[in-house]
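Data block below; observations after.
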Amino acid sequence: MPIAPTPVTGPKPDDTERPTAGRAAGQTAPGTTGRRRPGWRVDLLLAAVAIGLAAFVTSGLWTDLGQRSLTASTGDQTFFEWLLAYGPYALTHGQDPLFADLLNVPYGVNLGMNTSITVIAIVFAPVTWLFGPTAAYVTVLTANLAGSAFAWYWVLSRHLVRAPLAAAVGGLVAGFAPGLVSHANGHLNWTAGWLVPVIVWQVLRLRQPGRWLRNGIVLGVLVAAGFSIAAEGLFFTAIACGIFLGTWALSRAVRAEARAALPDLLRGLAVTAVTSLLLLAYPLWLHFAGPQRFHGTGYDPIIHAEDLAAYVAYPIRSLAGVLGLDTELAPNPTEENSFLGAGLLVLAVVCFVTLWRRADPGRRATLRALAVTAGVFTVLSLGPKLKIMGTVTGIPLPYALLDDVPLFDAALPSRLALAVAPVFAVLLALTVDRLRDAPPSRAATGAWVAGFAVALLPLTPMPLLTIDRDPVPTFITSGAWRDHVSPGGVLVPVPLTLDITPDAQRWQAYALAHRQGEFKLPSGYFLGPGGPDGRGRIGPLPRFTDGLLLEVARSGEVPPIGDTERAGVRADLDYWDAEVVVLADHVFGTSWPVRQEALLELMTDLLGPPERVEDVWLWKPNGN
């Protein structure tokens, strides 16, 4: 979320930047003389607090890195574990890190249309190779949450506020906002909130006189990295920067300053565009013209729009939620994108009014831009039709005009609400800074402390809920699979790999991470083409075998099997060029228990008696 810079005293960034920053904020900053930026001890303390809180939130996963999984979204966790294993494997084996033929045989998966997190996968490759994909996943998830809080603290303390306490409050509120904690239930992309303050500040630095080339190149590299890690979040950040800067520049008090800064800003943006396009040429081609592309997401924009009441509700994994004040206003536990609570909403308004009343015209330009940015994102997050307390009204909203617009059609409207919490965090930081500069009376101080406590304590994040997953079969971990599958051959798991039965994708990630070699899967958990009206869908287009296996896995009832069923399954196995069909002793289902015994009976009826290998049942369709 865009913020406006203000002068920082003490050991300076550089002499040319400070006056520009001060003008951009439109702030005279009284009382800054002699005030120093936080020292390394304060930075270290805040980093320790952020890491400790992040480890607390993810503590359920750390208890057993081999077995524990997130309750809310095991499928998402498995997908990101697979990405963490596939990225470094692809680069070290001369394969395409953005298009994988190991899933969705025979078509493959366009990871440029998914969230590839290639940059993160490469950076954390040593963790993946040494300790496995699950350990890498938990490490990245924890680092993302801690890094988000610290990044906001760093930008606030260096460029916006002078009091370390103010920067700490803003950093922790933004870094552990309810939306980010909610997405920690599975999404490594959305928890990478540390990208936002870094990119936003670099955008504002484009105005520096004479430094547009350097700053443009740096921003272009950040944009390329952001596209890999969270393209949807990068899109929202760009919109927010545009709204904020446009609103700020139109204010009469700073119009001349904005006009003077415009040439360097435009030059910097041009360099950013060239740099990012050079780095993203292939990913963008994959996204817009590559194989297995699609448009949109396949998710209903009304279901995945924010409920107006959600802005005053409390999230499930918060102190208030644990005490019973949670709601079911989100479509699932990973999408509580606002859920700021009534207390924080009131506090943010009070902070805004207090700052506005004491602000000079330049600072009011900044506050106005913050308010407009938060307001636009709030309205857009409500989707095409207003929804209140779970009831969709017939009242149309502005997002209805954007639903089919490119880029917007690939985003979920409710996630636009994630941009509101950082604005609130900035307002809180500015208010604390103001109170530190001009302390109010003891009674007023007590009222402010009480207000902050009432607003923020109920939002204290709680540990994410976790469950045990079935272990990766010994058939995989021992490498025994290599005796039955040729390098790059197709292994068909029973049931097929989907978001609700993701086990085999975890098997594949284990084999890749432990450098055993590769086998292919006919299905997988990913976004691909085949949805209505050319939109995307989860997983491949279903075939005869998919539905048969899934129904038996769910119900435990084996239908009568005749020549028609056997021919249908055989045709699918031939289509996939399957070498082996594998049923593990324990199969994990994210939505219901998988009936392994019924699946064993079904597959025996279809393909004959199986072979017992380690802890799996195995069939060889071609008798190899």
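The values are calculated or read from the model by the stated rules, or taken from the named source; none is laboratory data. Computed from a predicted model, the values in this text were never measured in an experiment. For neighbour counting, all protein chains shown are included, and Cβ atoms are generated from backbone atoms with ideal geometry for every residue, glycine included.
The table below gives the values:
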quantity: Matching option when the condition is farther than 17 Å from V140 by Cβ and either free of Cβ contacts under 8 Å to residues at least 24 places away in the same chain or not assigned by TED's automatic domain parsing to the domain that holds P493 (or both), among D96, D76; calculated: D96
quantity: In segment 217-252, the residues that are of a type in the set (G, A, S) and surrounded by fewer than 17 Cβ atoms within 10 Å (Cβ to Cβ); calculated: A238, G242, G246
quantity: Qualifying residues in segment 364-399 (those that are of a type in the set (S, T, Y), under 19 Å from H304 (Cβ atoms) and out of contact with any strand residue (DSSP E or B) (no Cβ under 6 Å at 6 or more places or on another chain)) - the one surrounded by the most Cβ atoms within 10 Å (Cβ to Cβ); calculated: S381
quantity: Given (1) aromatic (F, W, Y); (2) over 22 Å from the mean Cα position of the chain (by Cα); (3) surrounded by 23 or more Cβ atoms within 10 Å (Cβ to Cβ), number of the condition F352 does not satisfy; calculated: (3)
quantity: Residue pairs meeting the criteria (Cβ under 7 Å; at least 6 apart or on separate chains; first in the same structural domain as L213 (by TED's automatic domain parsing) and under 18 Å from G246 (Cβ atoms), in segment 258-286; second among the polar types (S, T, N, Q) and assigned to a helix (DSSP H, G or I)); calculated: G268/N215
quantity: Of all residues in segment 568-620 being part of a strand (DSSP E or B) and among the charged types (D, E, K, R), the one that is surrounded by the most Cβ atoms within 10 Å (Cβ to Cβ); calculated: E579
quantity: Per-region count, segment 528-543, residues modelled with pLDDT of 85 or more and over 22 Å from the mean Cα position of the chain (by Cα); calculated: 6
quantity: Matching residues, segment 352-387, being part of a helix (DSSP H, G or I), of a type outside the set (S, T, N, Q) and farther than 29 Å from L401 by Cβ; calculated: V353, L355, W356, R357, P361, G362, R363, R364
quantity: Residue within segment 439-455 that is in contact (Cβ under 8 Å) with a residue 24 or more places away in the chain and buried (at least 22 other Cβ atoms within 10 Å of the Cβ) present; calculated: yes
quantity: Selected residue (criterion: farthest from T191 (Cα to Cα)) from residues of segment 319-344 that are surrounded by 14 or more Cβ atoms within 10 Å (Cβ to Cβ) and without any contact (Cβ under 8 Å) to a residue 40 or more places away in the chain; calculated: A342
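Condition check ((1) aliphatic (A, V, I, L, M); (2) part of a strand (DSSP E or B); (3) under 24 Å from the mean Cα position of the chain (by Cα)) across all residues:
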{"site": "L491", "(1), (2), (3)": "yes, yes, no"}
{"site": "I500", "(1), (2), (3)": "yes, no, yes"}
{"site": "R506", "(1), (2), (3)": "no, no, yes"}
{"site": "E518", "(1), (2), (3)": "no, no, no"}
